[in-house]
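The values are calculated or read from the model by the stated rules, or taken from the named source; none is laboratory data. Every value quoted in this text rests on a predicted model; they were computed, and no experiment measured them. Positions of Cβ are generated from backbone atoms using ideal geometry, with glycine treated the same way; all protein chains shown enter the neighbour counts.
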Amino acid sequence: MDGDDDLYDGDCGYDDGDEAMEEDNAAGDGFYDDDDCGHEEDPVRRERPLEFSAIKKESLSMAQQQDLSMVMGMFNIKQHHARALLIHYRWDTYRLNDHLERKGQDRMLMEAGVVLQQESNSVVPPAAASRKRRCAPSRKKVTCEVCFEDSSPSAFWTMDCGHSFCNDCWTGHFVAALDSDDKQIRCMAFKCPAISDKDVVRRLLGRRDPAEAERFHDLLLRSYVDDNSAVKWCPSVPHCGRAVRLAV
């Protein structure tokens, strides 16, 4: 039985060096260390350092205009159409290019509420124009379908979608939308998805309240940061007035 006692000795055949090696392995420094096994880090998995650039507030307009010009040329559309499209796509030109290949231009414009004008804009709605030809000179008035007031044709504006209302009703609609900081103001015709021409919005707002027109202009300018997935305001306190853009 002495042999059995020797076989099952409490040391179990390990010496002090083996115990030290176990401790090293438990600490992560043992045989299975990647460096010891000769494995190198996959260069494909290495993350590329992020690159950022600062944009001063006075330079936002120039940076915004570069994207607008690119989209205007790509889609052959006017600036207010390009702006509506870019805001819809959060100023992500890479995503916009991808969707252009997969969806096509017509579907993209429709989803963004961009309606291209088929005929030259006129302050006289089509129905009013025919009525004008039929009416006597003393009845040259047009009835607005919102307020039902009769006004001269010059007091109306027709949007790209073809809907026409008096300037006072358009202005009231724009003011109400601006109270919610809405940059993508849609036509006020029932269920019309078309985005209103931003130049017209500013022009009509300016006639009633120049400060409101300036606030709308500032909302459009700040949209390049507020609605942009790659540009954010610097979080410094107090605010330095700069935005930070991620180079992608």
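Does Asp209 satisfy the criteria of being among the charged types (D, E, K, R) and either surrounded by fewer than 18 Cβ atoms within 10 Å (Cβ to Cβ) or more than 28 Å from Arg95 (Cα to Cα) (or both)?
Yes, satisfied.
I'd like to know if the range 190-206 contains one or more residues that are more than 21 Å from Ile77 (Cα to Cα), at pLDDT 95 or above and surrounded by fewer than 17 Cβ atoms within 10 Å (Cβ to Cβ).
Yes, the range 190-206 has at least one match.
If the Cβ limit is 6 Å and pairs must be 6+ apart or interchain, which residue in the range 192-204 that is farther than 19 Å from Ser223 by Cβ and assigned to a helix (DSSP H, G or I) pairs with which residue that is of a type in the set (A, V, I, L, M, F, W, C) and at pLDDT 95 or above?
Sorted first by the residue in the range 192-204, then by its partner, the pairs are Leu204/Trp170.
Which ones in the range 186-215 are more than 18 Å from Val146 (Cα to Cα) and among the basic types (Lys, Arg)?
Residues satisfying the conditions are Lys198, Arg202, Arg203, Arg207, Arg208, Arg215.
For every residue, the table says whether it meets (1) more than 28 Å from Glu58 (Cα to Cα); (2) among the small types (Gly, Ala, Ser); (3) in a loop (DSSP other than H, G, I, E, B); (4) touching a residue at least 60 places away in the same chain (Cβ under 8 Å).
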{"site": "Val146", "(1), (2), (3), (4)": "yes, no, yes, no"}
{"site": "Ala176", "(1), (2), (3), (4)": "yes, yes, no, no"}
{"site": "Met188", "(1), (2), (3), (4)": "yes, no, yes, no"}
{"site": "Ser223", "(1), (2), (3), (4)": "no, yes, no, yes"}
{"site": "Lys232", "(1), (2), (3), (4)": "no, no, no, no"}
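State which residue is modelled with the lowest pLDDT when the search covers only the range 85-111 and only residues that are assigned to a helix (DSSP H, G or I), touching a helix residue (DSSP H, G or I) at 6+ places or on another chain (Cβ under 8 Å) and under 30 Å from Gly241 (Cα atoms).
Once the filter is applied, the top-ranked residue is Thr93.
Take Arg83 and tell me if it is surrounded by fewer than 19 Cβ atoms within 10 Å (Cβ to Cβ) and of a type in the set (D, E, K, R). Working first, answer last.
Values: surrounded by fewer than 19 Cβ atoms within 10 Å (Cβ to Cβ): no; of a type in the set (D, E, K, R): yes.
No.
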